[in-house]
Amino acid sequence: MKKSLLIIALAITSIFSAKADEGMWLPSLISQRIEDMQGKGFKLSAEDIYSINQASLKDAVVLFGRGCTGELISAEGLILTNHHCGYGQIQQHSSVEHDYLRDGFWAMSREEELPNKGLTVSFLERMDDVTEMILDGYNPSMAEQERAELVKANSDKLIKEATQEGNGLRATVEALYYGNQYFLFLYREYSDIRLVGAPPSSIGKFGGDTDNWMWPRHTGDFSIFRIYADKDNNPAAYSKDNVPYQPKKYFKISTSGVQEGDFTFIYGFPGRTQEYIHSEGVRYIEQTGDPHKIHLRTLRLDIMKKYMNESQKVRIQYSSKNANVANAWKKWQGEVKGIKKMKTVQTKQEFEKAFDKWAKGGEFDGVIEKIEGIYAQLEPYQFATDYYTETVRTVEVANFAMSFARLFKKTDSEVTLDKAKADELAESFYKDWYLPIDKESFVAIMNEYEKNVPADFKPAYYKEKLAAYGSIETWAEDIFTNSIFIDPAKVAAITAEDREAVLKDPATEFFNEFLKWYSNDIQPVTTKLNQDLQLAYRDYMRGQMVYCRTQRVPKAFYPDANLTLRVAYGHIKGYSPADGAYYKPSSTIKGIMEKDNPEIFDYNIPQRLRDIYAAKDYGRWADATGEVPVCFIATNHTTGGNSGSPVINADGNLIGINFDRVWEGTMSDIVFDPEICRNISLDIRYVLFTIDKVADADHLLEEMTLVE
Ligand code: ARG
Ligand code: GLU
C-alpha cells in the first residue's frame, strides 16, 4: 500500500509540478520539488534544506513551544520568533510596575535574560517513513478501532526505541494522508529558553486586533529568546550554570531587501489544514460551525473590551486571553467569506459527482456515499461539541474550580490535597481573573446555549438546574456570589476535609456535570464516527490521487499540515482584494506614521518612533526609497503554527519572519487560491532597525551575521 501511494504521489508531482505555489512539502522528500524550486529562483540544493549527514537549514529551525516556529540567528543560541508567540512569556513577566507588554523588554546582558517555565524549543533531528513498521500486523479485515490500537502499539514501540538514550530526545509518529503513510519524527528538545528582547506592544502588536489578519500591515511582530544548554551543548533543565547553546547551523541575515517577484521560502511547523475534505465537511464549517462560533466569541469579546478600556490592570490581565479569542474569531470570518467566494462547496460537489461516477465498480466505489452518511450522523454531535467548547469550557472560574478539584486524591482510607500545587494554581488564576467579565460572559453565552442547542443535546443536569433557577441570570448570580472559588481567601483555606464541599460548589458542579455528560453521551459517539470517517477518508484520499492522475485533473497533492516541519515556497507578490483595488506587496514606516493616533490604543506608537521618523534617523536600515521597510506579502502556503517561521531568499539567507495571512485568503486551510492567498511577513530590516534605533540593543546585532 505504501509503495503504490508513493508512486502515485510521485507521478502527480511530475505531471503537475508547474502548479503555482500551493503546498506544504515534507523536507525529507524535497528532492521531488527541488527542480521546481530552482526553476523559480532558488539557488541551493535539496541537501542544503534537509540532510541527516551534514548541517542543513533544518538545524536552524525550531518548533517554538507547541504552536509556533522560531529560527536560530547567532552562534550563541539566539532565536527569533513572533511577538505574539512570546506573548504569554512576556505577559508572565509583566506587572503594573514592570509592564514589558507596554514598554518592551531588553536584556542588556546575559544575566538579565529571563527564564520561562514550561517553554521548550525542539529541533528536528530526522524524519523517516515508518509506514511498514507501523502497519506490521495489519490486515484489511480489521475494524478501525483495532487498527488504531495496532498503530498505537507499534508507534509506542518505535518511539521507545528511538528515544532510549535519553538526552532530551522526543519522538512522535504522525499519520499523513489519513494514515496512508506514517512518519517518525525525532526531536531534540531544549527547555532552558530565556527571554532576551521584545519591543513594546505598540510596535510588536501595532494595529492590534484591528489590523490582525489584514494587509496593508505594519506590525513589528517579533521577540527574541536564547536557548541555553549544559556544558556539552545538551538539553538541560534551567540552571544558572547553563551556557548559550551552540547551533549546528544558524541563518545569515540578508540586508539587501526584497522586490516583487523574488523567490521566497518558508521553513516551519504549519499546524492543521484540511485540503482534501468532502463538501459536507466544508458546508458545515461555512454555514454552521464558523457562524455560531463567531457569534459566541463576539459576545465575549465585547464584554472583555468594555472592561479592558476601563482599567489598565484589567487590560494587562486580559490582553493575552483577548488576543487568543479574537484571533480565531476574525480568521473564521475571513474563512467563511473565502469559501463562499470560491464556491468551494459547489466545486467539491461537482468533483465528488464525477469521482463517484468514475469509481463505480472499482476499489473506491461507494466511498462518497459512506462519507456523506457519516457526516449526516455526526453533524448534530459536532454542533453540540462546538457549543460545549465555546460556552461551558470558557467559563474561567468553573475551569479553575475543576482543576482545583482534581488536586484532591482519594483512597479508601484517606483524602489528601496537594497544597503546594493548589496554591500555585490559585495564584496563577487570580493574577489574571476579573469576575465581572467572567460573570457577564456566562450570562451572554449560556443564554445562546439555551436558545440554540436542541433539547436532546443538552444534559439532564442543565435542564433541571435551569428549571430550578428560573433563568441563566439567577444561575450566574449563584455561581458568582456563592462559589468558594470567587474568593482567594476562602480558596487559600481549603483543606483535604473540604473535598465534598468543593465538589458540590456551584462552579465545580457546573463544569463537572457538563463534562460527565460530554464524556458519556457525546464523546463516545463522535470518537466512533470520526474513526469511521478516518477510515473512509483513507480510501477517498487514495481515490482522489488515482482519479486525478488517471483522469488528468490538475491537483497538487501534499500531506495536510499536522505541526510537522514543512517547506512552502513562492514569491513576493501583491494582490487584488476586491474589484477595483490592488495591494502592493510591501509596506514601510511611512504607513505606521499614517496610522499613528494617540487616541486609538491599537495605533498609538512610542514617542521614540515619532522622533526617529521626524529626524529620518534610520541609520543603515532605509531602503532605496529612503524609508524603513516594515512588512511584505508573498504567495507561500502557510497556516497557524507557521508564525515565527524564517522567510528565506534564493541564497538561503533570512529576509523576514512569517506572522500572518491576509484575511481574504484565510480559506487556504481548506482551499488555496493563488490569486488571493498571501502570507504576511515582517521585513528583517525592520527588526534590525528596531533593535538598533528603538531599543539601543546593538550588542545583539553584533552577534548576528549580516550579509549584503
Ligand atoms: N493572526 C496571527 C496568527 O494567527 C497573529 C495573532 C496574534 N495577534 C493578535 N492581534 N491577536 O496567529
Ligand atoms: N499568526 C499565525 C500563527 O500563529 C500564522 C497565521 C496563519 O494562520 O497563517 O501561526
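The values are calculated or read from the model by the stated rules, or taken from the named source; none is laboratory data. Worth saying up front: this structure is predicted, and the values here are computed from it rather than measured. Counting neighbours? That spans all protein chains shown, and the Cβs are built from the backbone with ideal geometry, glycine included. SASA here: full protein model, heavy atoms, side chains in, ligands and nucleic acids out. Shrake-Rupley method; radii C 1.70, N 1.55, O 1.52, S 1.80 Å.
Where a Cα-Cα gap under 24 Å defines reach, which lysines qualify for residue 240, not counting those fewer than 8 residues away within the same chain?
The reachable lysines, counting only those whose Cα sits under 24 Å from residue 240, are 117, 231, 248.
Nearest 20 debye, what's the magnitude of the dipole of the chain about its Cα centre given +1 on Lys and Arg Cβ and -1 on Asp and Glu Cβ?
1100 debye
Sorted by accessible area (1.4 Å probe), largest first, how do 358, 663, 433 line up?
Correct descending sequence by accessible area is 358, 663, 433.
Roughly how many Å² is the accessible area per residue of the chain, as a whole number, for a 1.4 Å probe?
41 Å²
Do the alpha carbons of any pairs in 205/321; 305/331; 463/504; 205/330; 463/516; 331/370 sit beyond 21 Å of each other, and which pairs?
331/370
Could I have the simple spin-label model distance between residue 136 and residue 450, label points 7 Å from Cα toward Cβ, reported in nm to one decimal?
Each label point is offset 7 Å from its Cα along the Cβ direction, giving 5.8 nm.
Tabulate in residue order the Karplus-calculated ³J(HN,Hα) for the range 350-359, using 6.51 cos²θ - 1.76 cosθ + 1.60 with θ = phi - 60°, rounded to whole Hz; enter x for Gly and Pro.
Couplings: 5, 4, 5, 5, 5, 4, 4, 4, 4, 6 Hz.
Between residue 341 and residue 413, what FRET efficiency follows from the Cβ-Cβ distance if R0 is 45 Å, with the result rounded to 0.05?
0.10
Please list, in order along the range 387-395, the HN-Hα scalar couplings obtained from phi with the Karplus expression 6.51 cos²θ - 1.76 cosθ + 1.60 (θ = phi - 60°), rounded to whole Hz, x for Gly and Pro.
Per-residue couplings from phi come out as 5, 4, 5, 8, 10, 3, 5, 9, 6 Hz.
Given the C-alpha centroids of the range 90-137 and the range 365-409, what is the distance between them in whole angstrom?
29 Å
Considering the chain, which cysteines have no disulfide-compatible partner, defined as another cysteine with its Cβ under 4.7 Å away?
So far as the 4.7 Å Cβ criterion goes, 548, 631, 677 stand without a partner in the chain.
Under 1.5 on a/c is rounded, so check that first for the range 493-630, then, if it is not, pick prolate when a/b is larger than b/c and oblate when it is not; a ≥ b ≥ c are the square roots of the alpha carbon gyration tensor eigenvalues.
It is oblate, given that a/c is not under 1.5 and a/b is not larger than b/c.
Order 393, 217, 406, most accessible first, counting only protein heavy atoms with a 1.4 angstrom probe.
406, 393, 217
The range 479-528 to the range 29-44: how many Å between their Cα centroids?
Centre-to-centre (Cα) distance: 55 Å.
Which order do the peptides 598-604, 532-538 take when ranked by the mean count of other beta-carbon atoms within 10 Å per residue, highest first?
Descending mean neighbour count gives 532-538, 598-604.
Grab the DSSP H runs of the chain that are 4 residues or longer, score each as -39,500 (n - 2.57), total them, divide by all residues and round the 222 nm result to the nearest 500 deg cm²/dmol.
Calculated mean residue ellipticity at 222 nm is -13000 deg cm²/dmol.
Can you send over the solvent-accessible area of residue 165, 1.4 Å probe, protein chains only, in Å² to the nearest 10?
My reading of the accessible area for residue 165 is about 140 Å².
Simple spin-label model, 7 Å along Cα-to-Cβ: residue 593 to residue 393 in nm?
4.7 nm
Checking the a/c ratio against 1.5 first, then a/b against b/c, what shape does the Cα gyration tensor give for the chain?
rounded
For the residue pair residue 93 and residue 32, what label-to-label distance in nm results when each label sits 7 Å from Cα along the Cα-to-beta-carbon direction?
4.3 nm
If R₀ is 30 angstrom, what is the calculated FRET efficiency for the pair residue 307 and residue 112, using the beta carbon separation as r and rounding to 0.05?
0.35
Cβ under 13 Å from residue 526's Cβ, residue 526 left aside: what net charge do those residues give with Lys, Arg +1 and Asp, Glu -1?
Overall, the nearby charge balance is -3.
Would you give the gap between the C-alpha center of the range 145-160 and the C-alpha center of the range 670-699, rounded to a whole Å?
A separation of 41 Å, based on Cα centres.
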